[in-house]
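The values are calculated or read from the model by the stated rules, or taken from the named source; none is laboratory data. What you see is a predicted model; the values in this text were computed from it and never measured. Virtual Cβ from ideal backbone geometry, glycine too; neighbours counted across all protein chains shown.
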Amino acid sequence: MEKYFFYSIPVAAAVYAVICLFYYLLQEKLIFVSGGSERRDAPVMLAGEFEEIFLEGEEGGTVHAIHIKVTEPRGCILYFHGNTGSISRWGAIAEELTSFGFDVFLPDYRGYGKSRGKRSEALIFSDAALCYRKVLESFPEKRVCLYGRSLGSGPATWLAARTSPGGLVLETPYNNLIEVARYHSPFIPVKAFLRYTFRNDLRLPKVKAPVLIAHGTKDKIVPFKSGMRLYQSVKKKTDAKMLTIPGGHHGDLNGFPVMRKTLERFFDRHFPKGGRKQSGKG
């Protein structure tokens with residue numbers, strides 16, 4: 001018995017090492033679920049008017065985005081989507097926000113849809129800044145609202161900490177990606193392996209814009225506790241609000257009437273109607 005126990009230790013250690021190696025090598029596929037069965041050139045099908053845009057990013061990358069337009073916009077929402085699927089999926093979700101009177105600018109991350117190029121956390125942030133500059137060609141900065149959904153809360157928060165938008169909305173955000181990885185893989189030393197950490201907890205306190213965080217208590221992808229910890233870092237700000245949705249999951253918050261009502265109040269307070277589209281930063 002002791003002999004078998006003696007040999008089982010190195011075997012278990014080897015198996016654990018292989019698991020950690022696979023985690024390290026496959027982490028991009030776990031974090032960025034770019035399409036599944038979706039075609040990379042899948043057409044964007046929306047009800048309203050939109051324009052396709054291609055931007056040249058750093059290190060030879062290309063960012064594909066769509067600009068969804070409304071008549072007499074009160075501003076523009078720069079929307080950073082979640083980790084699963086490209087614009088062909090998220091377009092209809094982002095288009096719902098035009099009902100609040102905003103244009104919506106929706107980019108794809110590199111490796112998603114028609115966006116191309118090497119991907120890293122630094123390059124994702126660089127592409128976010130590139131999209132922001134593009135939006136500022138048509139809207140004053142205070143008429144721009146950054147909106148980060150799940151994974152997108154990372155680039156949205158990073159960008160808000162370095163600029164002066166009119167507002168920041170974070171839907172099902174994480175405190176940082178290390179916490180989320182530990183939640184899903186508690187026996188893996190993720191902090192040593194993770195190449196994407198998205199430290200919202202360090203960046204959100206630097207944001208001067210009004211902040212709205214929305215999270216559901218039944219979220220199994222990004223735990224509610226992670227979103228609440230993120231809110232704790234800015235709760236003393238008078239313009240920081242946390243919307244807790246009892247029974248809300250990761251992908252259904254837009255189906256709760258309280259979500260729409262809270263967004264309406266946030267937009268009406270910080271983006272008064274009548275703010276028209278302008279050329280330049282204004």
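Okay, residues lined up against (1) under 16 Å from the mean Cα position of the chain (by Cα); (2) modelled with pLDDT of 95 or more:
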site: 196; (1), (2): yes, no
site: 201; (1), (2): yes, yes
site: 214; (1), (2): yes, yes
site: 217; (1), (2): no, yes
site: 226; (1), (2): yes, yes
site: 235; (1), (2): no, no
site: 243; (1), (2): no, yes
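Does residue 139 meet the test of being over 20 Å from residue 194 (Cα atoms) and either surrounded by fewer than 24 Cβ atoms within 10 Å (Cβ to Cβ) or out of contact with any Cys (no Cβ under 7 Å at 6 or more places or on another chain) (or both)? If you could, list the steps in order and put the result at the bottom.
On the way: over 20 Å from residue 194 (Cα atoms): yes; either surrounded by fewer than 24 Cβ atoms within 10 Å (Cβ to Cβ) or out of contact with any Cys (no Cβ under 7 Å at 6 or more places or on another chain) (or both): no.
When the stated conditions are applied, residue 139 does not pass them.
Listed residues 36, 101, 85; which is at pLDDT 95 or above, on the phi > 0 side of the Ramachandran plot and of a type in the set (Gly, Ala, Ser)? Spell out how you get there, then give the answer.
On the way: 36 fails: at pLDDT 95 or above; 85 fails: at pLDDT 95 or above.
Checking each option against the conditions leaves just 101.
Checking residue 180 against (1) surrounded by fewer than 20 Cβ atoms within 10 Å (Cβ to Cβ); (2) at pLDDT below 95; (3) in a helix (DSSP H, G or I): exactly one of these is not met. Which one?
(1)
Determine which single condition residue 279 fails, assuming it passes every other condition in (1) out of contact with any helix residue (DSSP H, G or I) (no Cβ under 9 Å at 6 or more places or on another chain); (2) surrounded by fewer than 19 Cβ atoms within 10 Å (Cβ to Cβ); (3) at pLDDT 95 or above.
Of everything listed in (1) out of contact with any helix residue (DSSP H, G or I) (no Cβ under 9 Å at 6 or more places or on another chain); (2) surrounded by fewer than 19 Cβ atoms within 10 Å (Cβ to Cβ); (3) at pLDDT 95 or above, residue 279 misses just condition (3).
Surrounded by fewer than 20 Cβ atoms within 10 Å (Cβ to Cβ), over 19 Å from residue 58 (Cα atoms) and not aliphatic (A, V, I, L, M): which single residue out of 153, 120, 164 fits that description? Walk me through it before giving the result.
Values: 153 fails: surrounded by fewer than 20 Cβ atoms within 10 Å (Cβ to Cβ); 120 fails: over 19 Å from residue 58 (Cα atoms).
Selected residue: 164, the only one of 153, 120, 164 that is surrounded by fewer than 20 Cβ atoms within 10 Å (Cβ to Cβ), over 19 Å from residue 58 (Cα atoms) and not aliphatic (A, V, I, L, M).
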